[in-house]
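Engineer: Quick one: the structure is below, questions incoming.
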Amino acid sequence: MIGMADAKPQISSGLEGVYIAESSICRVDGQAGGLYYRGYSIDSLCKNSDYEEVVHLLLHGRLPKAQELAETKKVLAESRNLPEGVVSTIKHMNGKAHPMDTVRTAVSMLSAYDPEVADSSNEANMRKSLRIISRTASIVATIGRIAAGGEYVAPDNSMSHSENFLYMLNGKKPTPQQLDIMRDMFIIHAEHSSNASTFGTMVAGSTLADIYSAVTAGIAVLKGPLHGGADEAALHMMNEIGDPDNTEVYITEALAGKKKIMGFGHRVYKAYDPRAKVIKTYLLQMQDSSSEEVKRLTGIALRAEKLMIDKLGQSHGIWPNVDFFAGPVYRAAGIPAEIFTPIFAASRTAGWCAHMMEYWENNRLFRPLEYYTGAIDLQYVPIDKR
Ligand code: ACO
């Protein structure tokens, strides 16, 4: 007997069109292709700001005064060093797990080293947020460093967040171009309203689990290729295409076979993703790169972009998203594909923590419903009679 006692409700698949909260953190203008953190456009932040200032803006709701920014920078810098246990776990997982699994594990582990883990006051959550933001970047850099056969590089507190990240990853100071790329990548990935991973974070936090649990849930959700994992998947696709001249055949066949092209499309943006525009400016500078790999990837990316826009842009609202151009640009900065999504996670810790603290101000447990379509009142059958 099918137990459809109630009339079938309207189901919003994937929660499309459902508002879950009020928020003053981020505005995504899907029709015009705009993105604003606390009212400031992503373009103006990339032109004028740095990641530490964006962290302060997201967490506190306004741009800091000079003394406040100095304090935020100081706390972020002084929190960078990783506990020995976390470094040895990273070493233990190296080669056995995807770096996103290692980030998820290592960030979760950090709670064991935080004496304030059980203090749920807003002040403690603010302090824990800065520690999470700072140390997740160190975790990601260390994962990349150890995967490349290196040893843990102790942080340099005199460097900015972005510079220190590249220093811990590569064991040497970055070039000015690498630093510019990294700063912009950290800024554009810092926040994006109630996307899947932020929602995952909020669901965990809505049970009044602590902020480490909430951020760990966010990392788990970010991993998938329909969300943050698309940056790595898009690069793999470009490598599969192999040569810019193969792009048209590959894309045409993939679309004919109903395959999704990673790095295109978005639930909210029905216009060009403004974050992809920021990354594309780097790509355009890389067309004559001396690196064969970067030149090849750039050629493929630009051709694929044009083809996809011609085929699906205006007609279907499918445009490049933040993850499409990231691969070639990260490769130009010498960053391996496996840590693209972990870098996304390191940056997004700022948005996750900001959302969590905002939601806790008026917390209510998330508990949606399902329309049950299974059986009811079945007779229990003993195991030897089935
Ligand atoms: N390539 C080809 N077709 C696509 C693409 C794509 N990248 N994206 C959507 N479509 C098509 C779908 O096949 C579907 O077509 P149909 O109606 O003929 O079946 C239609 O557009 C709607 O697609 P959905 O997946 O239902 O749309 P949704 O709103 O859920 O899409 C999503 C959002 C998941 C991002 C989707 O565009 C996608 O899978 N893109 C590829 C993965 C990706 O790049 N993810 C990163 C997003 S940005 C971020 O999370 C940081």
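Engineer: Just the residues that are touching a Ser or Thr at 6+ places or on another chain (Cβ under 8 Å) and assigned to a loop (DSSP other than H, G, I, E, B), please, taken from the stretch 356-386.
Structural biologist: Selection gives ASN363, ARG364, LEU365, PHE366.
Engineer: Are any residues in the stretch 314-335 within 10 Å of the ligand (Cβ to nearest atom) and among the polar types (S, T, N, Q), and if so, which ones? Don't jump to the end; show me each part of the working.
Structural biologist: Taking the stretch 314-335 as the starting set, the residues that turn out to be within 10 Å of the ligand (Cβ to nearest atom) are 316-324, 326.
ASN321, the sole residue that qualifies.
Engineer: Tally the residues that are open to solvent by 70 Å² or more (accessible area, probe 1.4 Å) and either more than 9 Å from the ligand (Cβ to nearest atom) or in contact with a Leu (Cβ under 6 Å, 6 or more places away or on another chain) (or both), restricting the search to the stretch 247-279.
Structural biologist: Summing the residues that are open to solvent by 70 Å² or more (accessible area, probe 1.4 Å) and either more than 9 Å from the ligand (Cβ to nearest atom) or in contact with a Leu (Cβ under 6 Å, 6 or more places away or on another chain) (or both) in the stretch 247-279 gives 6.
Engineer: Open to solvent by 20 Å² or more (accessible area, probe 1.4 Å), hydroxyl-bearing (Ser, Thr, Tyr) and under 19 Å from the mean Cα position of the chain (by Cα): is that true of THR105 in this structure? Explain how you work it out, then say what you get.
Structural biologist: Working: open to solvent by 20 Å² or more (accessible area, probe 1.4 Å): yes; hydroxyl-bearing (Ser, Thr, Tyr): yes; under 19 Å from the mean Cα position of the chain (by Cα): yes.
Yes: the conditions hold for THR105.
Engineer: Here is a follow-up. Do the conditions hold for THR136, that is, is it buried (at least 20 other Cβ atoms within 10 Å of the Cβ) and at pLDDT 95 or above? Break it down into steps so the answer makes sense when it comes.
Structural biologist: On the way: buried (at least 20 other Cβ atoms within 10 Å of the Cβ): yes; at pLDDT 95 or above: yes.
Answer is yes for this residue.
Results for (1) within 15 Å of PHE186 (Cβ to Cβ); (2) in contact (Cβ under 8 Å) with a residue 24 or more places away in the chain; (3) touching a Phe, Trp or Tyr at 6+ places or on another chain (Cβ under 7 Å); (4) open to solvent by 10 Å² or more (accessible area, probe 1.4 Å), shown as yes or no for each residue.
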{"site": "SER315", "(1), (2), (3), (4)": "no, no, no, yes"}
{"site": "TRP319", "(1), (2), (3), (4)": "no, yes, yes, yes"}
{"site": "PHE324", "(1), (2), (3), (4)": "no, yes, yes, no"}
{"site": "THR341", "(1), (2), (3), (4)": "yes, yes, no, no"}
{"site": "ARG348", "(1), (2), (3), (4)": "yes, yes, no, no"}
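Engineer: Going by the conditions given, is GLU84 of a type in the set (D, E, K, R) and under 30 Å from ARG38 (Cα atoms)?
Structural biologist: No.
Engineer: Would you confirm whether or not the stretch 208-217 contains a residue that is among the hydrophobic types (A, V, I, L, M, F, W, C) and within 28 Å of LYS280 (Cα to Cα)? So that I can check it myself, show each step before the final result.
Structural biologist: Within the stretch 208-217, the subset among the hydrophobic types (A, V, I, L, M, F, W, C) is 208-209, 211, 214-215, 217.
Restricting the remaining residues to those that are within 28 Å of LYS280 (Cα to Cα) gives none.
No.
Engineer: So in the stretch 11-49, with the set limited to residues that are among the aliphatic types (A, V, I, L, M) and part of a helix (DSSP H, G or I), which one is most open to solvent (accessible area, probe 1.4 Å)?
Structural biologist: Keep residues of the stretch 11-49 that are among the aliphatic types (A, V, I, L, M), which gives 11, 15, 18, 20-21, 25, 28, 32, 35, 42, 45.
With part of a helix (DSSP H, G or I) added as a condition, the list becomes 15, 42, 45.
Values: LEU15: 77, ILE42: 4, LEU45: 7 Å².
Step by step, filter the stretch 11-49, then rank; the result is LEU15.
Engineer: Now a separate question. How about the stretch 190-234: which of its residues are of a type in the set (Ser, Thr, Tyr) and either more than 11 Å from the ligand (Cβ to nearest atom) or within 15 Å of HIS98 (Cβ to Cβ) (or both)?
Structural biologist: Matches in the stretch 190-234: SER193, SER194, THR201, SER206, THR207, TYR212, SER213, THR216.
Engineer: I'd like to verify a number: residues in the stretch 280-299 that are of a type outside the set (S, T, N, Q), assigned to a helix (DSSP H, G or I) and more than 24 Å from the chain's Cα centre (by Cα), how many?
Structural biologist: 5
Engineer: Related question: Keeping to the stretch 234-246, report how many residues are crowded, with 19+ Cβ neighbours inside 10 Å and in contact (Cβ under 8 Å) with a residue 60 or more places away in the chain. Let's see the steps before the verdict.
Structural biologist: Of the stretch 234-246, the ones crowded, with 19+ Cβ neighbours inside 10 Å are 234-235, 237-238, 241.
Filter again for in contact (Cβ under 8 Å) with a residue 60 or more places away in the chain, leaving 234-235, 238, 241.
Residues that pass the stated criteria total 4.
Engineer: Being in contact with a Phe, Trp or Tyr (Cβ under 9 Å, 6 or more places away or on another chain) and surrounded by fewer than 21 Cβ atoms within 10 Å (Cβ to Cβ) is the filter; apply it to the stretch 170-180 and report the residue that is nearest to GLY351 (Cα to Cα).
Structural biologist: Going through the qualifying residues, I end up with ASP180.
Engineer: Is there a residue being at pLDDT 95 or above, open to solvent by 80 Å² or more (accessible area, probe 1.4 Å) and either of a type in the set (D, E, K, R) or within 15 Å of the ligand (Cβ to nearest atom) (or both) anywhere in the stretch 280-301?
Structural biologist: The answer is no; no qualifying residue exists.
Engineer: Checking the conditions here, which among VAL87, VAL117 is buried (at least 18 other Cβ atoms within 10 Å of the Cβ), over 21 Å from LEU222 (Cβ atoms) and more than 21 Å from the chain's Cα centre (by Cα)? Spell out how you get there, then give the answer.
Structural biologist: Working: VAL117 fails: buried (at least 18 other Cβ atoms within 10 Å of the Cβ).
Among VAL87, VAL117, only VAL87 is buried (at least 18 other Cβ atoms within 10 Å of the Cβ), over 21 Å from LEU222 (Cβ atoms) and more than 21 Å from the chain's Cα centre (by Cα).
Engineer: Kindly indicate whether GLY144 is assigned by TED's automatic domain parsing to the domain that holds ILE219, buried (at least 18 other Cβ atoms within 10 Å of the Cβ), of a type in the set (Gly, Ala, Ser) and within 26 Å of ALA220 (Cα to Cα).
Structural biologist: Criteria met by GLY144.
Engineer: Further question on the same structure: What's the number of the only condition in (1) more than 19 Å from the chain's Cα centre (by Cα); (2) more than 12 Å from the ligand (Cβ to nearest atom); (3) touching a residue at least 40 places away in the same chain (Cβ under 8 Å) that PHE186 fails to meet?
Structural biologist: It fails just one condition, (1).
Engineer: Further question on the same structure: Please state which one of GLU78, GLU52 is open to solvent by less than 20 Å² (accessible area, probe 1.4 Å) and either under 15 Å from MET159 (Cβ atoms) or of a type in the set (Val, Ile, Thr) (or both). If you could, list the steps in order and put the result at the bottom.
Structural biologist: Numbers: GLU78 fails: open to solvent by less than 20 Å² (accessible area, probe 1.4 Å).
The unique qualifying residue is GLU52.
Engineer: Which one of ILE181, ILE251, ILE219, ILE187 is among the aliphatic types (A, V, I, L, M), touching a strand residue (DSSP E or B) at 6+ places or on another chain (Cβ under 9 Å) and assigned to a helix (DSSP H, G or I)?
Structural biologist: From the options ILE181, ILE251, ILE219, ILE187, the qualifying one is ILE187.
The values are calculated or read from the model by the stated rules, or taken from the named source; none is laboratory data. Quick caveat, the model's predicted, so the values are computed rather than measured. Using ideal geometry, Cβ is built from the backbone for each residue, glycine included, and neighbour counts are taken over all protein chains shown. Calculation scope for accessible area: heavy atoms of the full protein, side chains included, ligands and nucleic acids excluded. Shrake-Rupley method; radii C 1.70, N 1.55, O 1.52, S 1.80 Å.
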